Structure formats: C-alpha cells, structure tokens
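*Asks:* Before anything else, here's the structure in question.
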Amino acid sequence: MRTLRLSNLIIVLLGVGWVSAATRLVPDEYANIQAAIDDCNDGDVVIVAPGTYTGQGNYRIDFRGKAITVRSIYPNDPSVVAATIVDCNGWGNGFMFGDYEDSNSVLNGFTIVNSMYRGRSGIPAIGCYDSSPVISNCVITRNSGGSIHVIGGYPTIRDCTIANNGNNYLGGGIYVDYEGFPTIENCIISGNSAYRGGGIYCSGSSGLVIRNSSIIGNKADDFGGGFFCEGSDVVISGCTIVGNAAGERGGGIYCTYSSPVISNSIVWGNAAPVDLQIVAVNCPRSGPRFGDPIPVVISYSDIQGGQAAVNIEEACSLDWGLGNVDFDPCFAEAGYWGHIDDSNVHVEPNDPNAAWVDGDYHLKSQYGRWDPNGKAWVFDEVTSLCIDGGDPNTDWSAELWPHGERVNLGAYGGTEQANMSPNDVGNVADLDLDGFVYRTDLPLLLGAWLSDAVPLREDLTRDGIVDFPDFSVFARDYKRPALPAQAKIVSPLDGAIGVSRTPVLSWLSEPNALWHNVYLGTESPGVFQSRISATTFEPNVLDRGTWYYWRIDEINPGGTTTGAVWSFQTRVGPDPATNPNPPDGAVETNTYPLFSWAGGEGATSHDVYFGTAEPGIFQGNQVETTFDPGYLLDNTTYYWRIDEVNDLDTTTGTVWSFTTRGGGR
C-alpha cells in the first residue's frame, strides 16, 4: 500500500509540477504568431520561420502576460532578422505588452514595419504598458506610429536598430512617459523624426538609462533632434549623439525640468538654429521651493564646441566634470543629410527633401579599427584622440587588446568593437585579463577553437578564425608567473592597542598578487575568513579588550606566498558616541538647540566638551545623552565632543561642529 501511494504521488507531481517547456513553430504548427502565443504556457518558446507575417493574428500580437520567448530561428543572424518580418500593414501595433510582463517575456529577432499613425503619439510598432519585457535583436523601421512606446514599466531594449520611423508628435524612435523606466543598450536609433524628440522623447516623471548606443541623424520639428527629456531622470553613458537636427533648439539634446548625467559620450555635428549640441532650461530643484538647481552633469565626453556649446539657462546649472574634450572624433565615415531622390546630393537637414544617410561611427585607429561591413580589422592613417578617453573607473574589459586598460568614448567604447589603442599595456594572449599568460587562459582559447565569430578576443592574430596561428601566439607568451611578494601591513599596525572593535584591516600588495586569503582570530595565525581581491577587510564586531592575530597570504596563478602574522588589541574602553544632533557640519542651526547623541556600547557616563574653539571646553560628566548649551550667538560656528567613559577607560570622541543661523530669521 505504501508503494502504491508513493507511485501515485510521483504521477501527480509529474502531471502538474514538472511539465517541460514546449517549442511552438510558426507557420509549421500554427497559422499565425498570436495563435502560437495563445497556446503557450509560461516557459514555452515560439519560433517563427523567415517570412512576412501580416493580417489577423500577426499584428497587435499580445503576450497576454505570459513568461515566454517569441523569436526568429536565429536572432543573432542579421540576415534572418531581416527576413522575419511582422508587417502591421497600417492596422495597429506589431507587438503589445500590457499585462505586467517582466523580463521573462522576451521578444527576439524580428523586423517590424508599418505600424499605424493615429492621434498625437501614434500607435507604435511595439507598445509596453506597465510591463518590463526584454526586446532584443529587432529591427524596427518604416513605422508611421513611432517605434517603441514605454508607458510605465522597466523594459530592456537591447541590440536593436530603430531606424526611419516617424511620429507626427512625440518620440519618433522611442517614446517614454508616465513613469516608464527603460534600459537601452547597444542600440542604433537613426533617421527617425517627430515634432519633438526625433530620436527619443522622455517625460512624465520617467527615467531612462541608455548606454553604448548611437543616436544619429534624427530630426525634430521644434526641440530635441536627438533627445528630448522633460521632468525625467536620464543617464547617458557611452553613446554617440551625432548628426541630429532640431527646427528650433537642441539639435543634440534638449532638456527641461531634467538634469541628465552624461559620460563617456560623443556629442558632435548636431544642428539647430540655436543650441546645436545641448541645452537645459528650468532645471529641477534639489530641495525646497527655492533650493539650488540640480546640475546637468557631463564628464569624460567629447562635446563639439566644448563647455560653450552647452547652453545652461539662468535657472539651471552645469557640473562640467573631468575628462571633457573638444576633439574631432575622427569617425570612420560620418553620415549626412542627403536628398531623398539622390542620396549623393548633400542638403541641409531643414530641407523638406532631406533624408539621413548613415555612416560608420567607429573611431579611426592606426592600430586597428573594426569594419562592420567587411567584418575585419583595418588600419587608418590617423588615431582618434577619443580612444582611451573614457572614465578610468568604467569597465573596459570587453575591449580587445591593445586596449590601454581604459574605455574609449562613444557607442563602441567598452565593447568588443572598440577600436585599438596605441597603448599596448597587457598581452594579447591574456584572455582572462589577470595580468598573466598561463594555464587559466588555455581553456578559453580551446573553447573558441575554430570559431569564426568576429570580433573575438581568442582570435589572437585577428585574422577571423581561432586556429593554430593563435595557439602559436599563446605558446610564445606562456609563462609561469613569479610568486607574489608578502603583503605589507597598513592598519592596524602590528602590536597596536586601543583598536576599534569594528576595524578595517588594510595592507599593501604587489600588482602581481590577484587574490588575498585573510586569516583573523584570537590565536595565531588566525582562522581563515575569506579570499578577496580587495586590499581591505572588515570583520564582524570584535570582543572588547582582546588580542587578535591576522595574516594575509598573497596569491596568483603561480602559487601562494604566506604572509607574516600581525597582532592588535581592541580597546578596553567603551565604543565612541555616534549620531550627533545637530549633525556634524550642519548650518542654519537654531540658536537654542538641545544636543543629543547615541552613547557608545559599554559607556556608563559621558564627558561633554563644547565651545567656539575646537575641541570645545569641558562642561562636565553626565549620565544623560542630551545636553542643553543654552542660548547661542547668531551666525557662529560651535564645536562639541563627547568622550565615552566607563570604569576601565575613556574613549575620546570625534569633534563635531555646526553653525547657527543669521540674525533676524
């Protein structure tokens, strides 16, 4: 009987809980895409063969809240994407997400055309309404209702081309409103047009992060040829914003009640009657009604015309950060506005017959530039000064050697298509970027053997295939790393006493030490705590008045170097006071404040110091954690300190300060 019941349970579990995902084929099994979706359960995959899909069931295609993937047969193959077409035929959307879909709903590898124009913002090729799907490897083109609308939700738009779409009102390429927060990565937004925000329009308490994308050759009738943002939080990182045009202001970027953060980007060759590159009006405020404006932040970017080309109106401010330049970016081939009937004829962007002609926005390099058409590395006579010009804290690791260990500016910076640097730091065969060519690199080389995917880090000779010549380069540079030197102590010093119970252990390491084994305990040499790459370690709260021993072993692929054993004693006295009120550095403080603080653990009383000179005059010892200093002078800086006391010791506190408000207020 027990066996029978167990068997029945297994059958039930298999029947309801362990159903495998199904693959549904269009048109082999289903006549249209919607029919396949309607038959799906969460986790299923709809695969659509090349062809043109139109008519009932192939427009207004609704995911219906399902966590499924709808894709072409090879989404990463541009020829397949170009041949797998959803033609809305002017009847409505291509695809819709409106049932709170999340990132488990994926649309991958389609060309979507001919969405419908209706009303001020149109009916787009893809509509995302309070939904957060992933849209990737799609070409969205020739849509009169706009390309993608994001109304609420957090969709991800990745590796898409959004080109030659129109919208008679807002956002020819991408329209964001009503608390929509899309992330846009590795996209080309080109040749789109609208009354406002030719490339992108973002408004309505929304936000947008766009990185490694090209916003080029878009046009707006009035404001924001490339980008229009209003009342929204916008982060632009590693983008190329070039060749856009506005009929009135802000050829590149127009922002009002918004303060975008721009970094690692190129803003160049945009056109408008005034404010060619960037303009900001009516910036948001950081606090009360009359607070300071939140600045537009620009750093490590190539802005044509420099700071003078950024028009910050009186109600706004600009944080012109480090690394900004005004250099010709030296694009491989800049696009231009050509006549719609003859693209060889250059015209002004305001010409009614103007149409954008795409270029190639890879940066020129004498050391290697990726040619996407020939799918090969070519060599130029000049090298762009935008190479290695990005923020040194930005991840550069996807760039192929020689990379200079610093990201390039523009859309291809930080990617495998970044053009090569004159700085040859590192080694082409160091595939795992650990600073050594050793056995950890070999599995990566062999894992890509005979691959002809390009560009590829493992293609060491850069000839388009991973084969024996690449292995020869690897073998030439293969070398067992030297052992790292011992770590050198920084803090706390060996033998130190009175150390905080929440110390930060820190040490110095040689560059060839990649990892550090941390040992800490009440007996020498300590107990293993963690293997880390940082040179600081924060343990949990330690016992009071206790000797601790610690050691750092240095590690690289060549082996481990055992460190010296160091020691320190935690303080016997109480922990320091914290959380002062008035806060440290406060201004505009009331002239009759009541001081308060959080007493340190182990304290039985508190020595109070207070005055107009640091650290203050001793006021007395007390048990309470509040102190009344009496009436204070206007517009005066005061200093105060709380020392924590117990029967064993006194812990000196931090000196805090505040400034009282001026008279008459």
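*Asks:* Taking the convex hull of the Cα atoms, report for region 466-586 its projected area averaged over all directions, in nm².
*Replies:* 11.8 nm²
*Asks:* Which angle from 0 to 90°, rounded to the nearest 10, does the C-alpha axis of helix 468-477 make with the longest principal axis of the chain?
*Replies:* That helix lies at roughly 20 degrees to the long axis.
*Asks:* Just the C-alpha atoms of region 79-144: what Rg/Rh do they give, with Rh taken as the Kirkwood radius?
*Replies:* Ratio of gyration radius to Kirkwood radius for region 79-144: 0.98.
*Asks:* At 1.4 Å probe radius, can you tell me the per residue accessible area of region 463-599 in Å²?
*Replies:* Accessible surface, normalised per residue, equals 51 Å².
*Asks:* With a Förster radius of 41 Å, plug the Cβ-Cβ distance of V347 and V325 into 1/(1 + (r/R0)^6) and report the FRET value to the nearest 0.05.
*Replies:* Taking R0 as 41 Å, the efficiency between V347 and V325 is 0.85.
*Asks:* Here's another thing I want to ask about it. Where nothing but the Cβ of Lys and Arg (+1) and of Asp and Glu (-1) is charged, how large is the charge dipole of region 205-363 around its Cα centre, in debye to the nearest 20?
*Replies:* With Lys and Arg at +1 and Asp and Glu at -1, about 600 debye.
*Asks:* Additional query: Quick one: if the Förster radius is 41 Å, what FRET efficiency do N373 and D477 give, using the C-beta to C-beta distance and rounding to 0.05?
*Replies:* Calculated transfer efficiency: 0.85.
*Asks:* Among the lysines, select those whose C-alpha is under 28 Å from the C-alpha of K364, and discard any that sit fewer than 8 residues away in the same chain.
*Replies:* Counting by Cα, and skipping residues close in sequence, K364 has these lysines nearby: K219, K375.
*Asks:* Hey, what does the equivalent ellipsoid look like for region 547-665, semi-axes from the Cα gyration tensor as sqrt of 5 times each eigenvalue, largest first, whole Å?
*Replies:* Equivalent-ellipsoid dimensions as semi-axes: 40, 20, 10 Å.
*Asks:* Considering the convex hull of the alpha carbon atoms of region 619-665, report its projected area averaged over all viewing directions, in nm², one decimal.
*Replies:* The number I arrive at for region 619-665 is 4.0 nm².
*Asks:* Provide the gained length on full extension for the span T52 to T546, in nm with one decimal, where the gain is 0.36 nm per separating residue minus the Cα-Cα distance.
*Replies:* Length gained between T52 and T546: 170.3 nm.
*Asks:* Here is a follow-up. Averaged across orientations, what area in nm² does the convex hull of the alpha carbons in region 596-642 project?
*Replies:* Spelled out: convex hull of the Cα atoms, projected over all directions, averaged, 3.5 nm².
*Asks:* Once every Cα of region 414-491 carries one equal point scatterer and solvent is ignored, give the base-10 log of I(q)/I(0) from the Debye formula at q = 0.11, 0.13, 0.27 Å⁻¹, two decimals.
*Replies:* The Cα Debye sum returns log10 ratios of -0.34, -0.46, -1.40.
*Asks:* Hey, another quick one. Per q in 0.12, 0.14, 0.17 Å⁻¹, report the Debye log10 I(q)/I(0) for region 483-547, using one uniform scatterer on each alpha carbon and no solvent.
*Replies:* So the normalised log intensities work out to -0.31, -0.43, -0.63.
*Asks:* So how do Y638, Y519 rank on accessible area, 1.4 Å probe, biggest first, that is with the largest at the start?
*Replies:* Ranked from most to least accessible, the order is Y519, Y638.
*Asks:* Can you tell me the alpha carbon radius of gyration of the chain divided by the globular rule-of-thumb value 2.2 N^0.38 Å?
*Replies:* Taking the Cα Rg and dividing by 2.2 N^0.38 Å, one obtains 1.20.
*Asks:* Of N114, N212, A245, which is farthest along the charge dipole of the chain in the positive direction, counting Lys and Arg as +1 and Asp and Glu as -1 at C-beta?
*Replies:* So the residue furthest toward the plus end is N114.
*Asks:* Hey, another quick one. Given region 174-215 reduced to its alpha-carbon atoms as identical point scatterers, what log10 I(q)/I(0) does the Debye formula return at q = 0.14, 0.19, 0.22, 0.28 Å⁻¹?
*Replies:* -0.30, -0.56, -0.73, -1.03
*Asks:* Pop the C-beta distance of A564 and L648 into the FRET formula with R0 = 35 Å and round what comes out to the nearest 0.05.
*Replies:* With R0 = 35 Å, the Cβ-Cβ based efficiency is 0.70.
*Asks:* With the Cα gyration tensor of region 306-434 in hand, give its eigenvalues times 5 under a square root as the equivalent ellipsoid semi-axes, listed largest first in whole angstrom.
*Replies:* Those come to 31, 24, 11 Å.
*Asks:* Here's another thing I want to ask about it. Assuming 0.890 mPa s and 25 °C, estimate D for region 213-274 with Stokes-Einstein, Rh taken as the Kirkwood radius over Cα pairs, in µm²/s.
*Replies:* 220 µm²/s
*Asks:* Now, a different point. Once you charge only the Cβ atoms, +1 for Lys and Arg and -1 for Asp and Glu, what is the size of the charge dipole of region 335-457 about its Cα centre, to the nearest 20 debye?
*Replies:* For this selection, approximately 320 debye.
*Asks:* So, one more: Pop a pseudo-label 7 angstrom from the Cα along the beta-carbon direction at both D28 and L385 and give the gap in nm to one decimal.
*Replies:* For the pair D28/L385, the computed spacing is 5.8 nm.
*Asks:* Along the positive direction of the dipole of the chain (beta-carbon charges: Lys, Arg +1; Asp, Glu -1; about the Cα centre), which of N373, N164, M96 reaches farthest?
*Replies:* M96
*Asks:* Just to compare against my own numbers: the Cα pair-distance distribution for region 129-192, 5 Å bins, whole % per bin, please.
*Replies:* Whole-percent P(r) values from 0 Å outward: 5, 20, 28, 26, 18, 2.
*Asks:* With a 1.4 Å probe and all protein chains left in place, how much of the accessible area of the chain comes from carbon and sulfur atoms, in whole percent?
*Replies:* 50 percent
*Asks:* Based on Cβ point charges of +1 for Lys and Arg and -1 for Asp and Glu, what charge dipole magnitude is obtained for the chain about its Cα centre, in debye rounded to the nearest 20?
*Replies:* Result for the chain is approximately 1100 debye, rounded to the nearest 20.
*Asks:* With every protein chain left in place and a probe of 1.4 Å, what is the accessible surface of E538, to the nearest 10 Å²?
*Replies:* About 130 Å², rounded to the nearest 10.
The values are calculated or read from the model by the stated rules, or taken from the named source; none is laboratory data. Because the structure is predicted, anything quoted here is derived from the model rather than measured. With ideal geometry, Cβ positions are generated from the backbone for all residues, glycine too; neighbour counts draw on all protein chains shown. What goes into the accessible areas is simple: the full protein's heavy atoms, side chains included, and nothing from ligands, DNA or RNA. Shrake-Rupley method; radii C 1.70, N 1.55, O 1.52, S 1.80 Å.
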